[in-house]
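Structure first, then comments.
Just so it is clear, none of the values below were taken in a lab; they were calculated from the coordinates. Since the structure is predicted, the reported quantities are computational estimates derived from the model, not experimental observations. Positions of Cβ are backbone-derived with ideal geometry, glycine not excepted, and every protein chain shown enters the neighbour counts.
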Amino acid sequence: MEKNMPVEMVTVPKLMTLEQLVEWLQVQKATVYGWVHRRQIPFIKVGPKELMHGGARERDSRPLRFDYHEILEWLETGTMPDRFKR
């Protein structure tokens, strides 16, 4: 490689939004939601968990984020981080 050749750098945020992840992986949002529901992809829910009202179970509507390094490892190895193992 020549000394003065420019190196193209790509900046990737540590935590990606759902939109950033689907663009990167070229999949549909529904696919990612399915993976999250089945705990097949590493994810993070941001913010405090809401209390259940009147004993009824409500859908957890906290925003999803995806750690770039965890996703990269998941893509390379197909394994989930230890925090997802029950």
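A simple rule links phi to the HN-Hα coupling: the Karplus curve 6.51 cos²θ - 1.76 cosθ + 1.60 with θ = phi - 60°, which for region 27-33 gives 10, 7, 4, 4, 5, 5, 4 Hz, with x for Gly and Pro. Under the simplified labelling scheme, the Gln20-Ile44 pair shows an inter-label distance of 1.0 nm, with each label point 7 Å from Cα along Cα→Cβ.
Annotation: amide H of Met16 within the under-5 Å range of Phe66, Asp67, Tyr68, sequence separation 5 or more or interchain, hydrogens built in the peptide plane.
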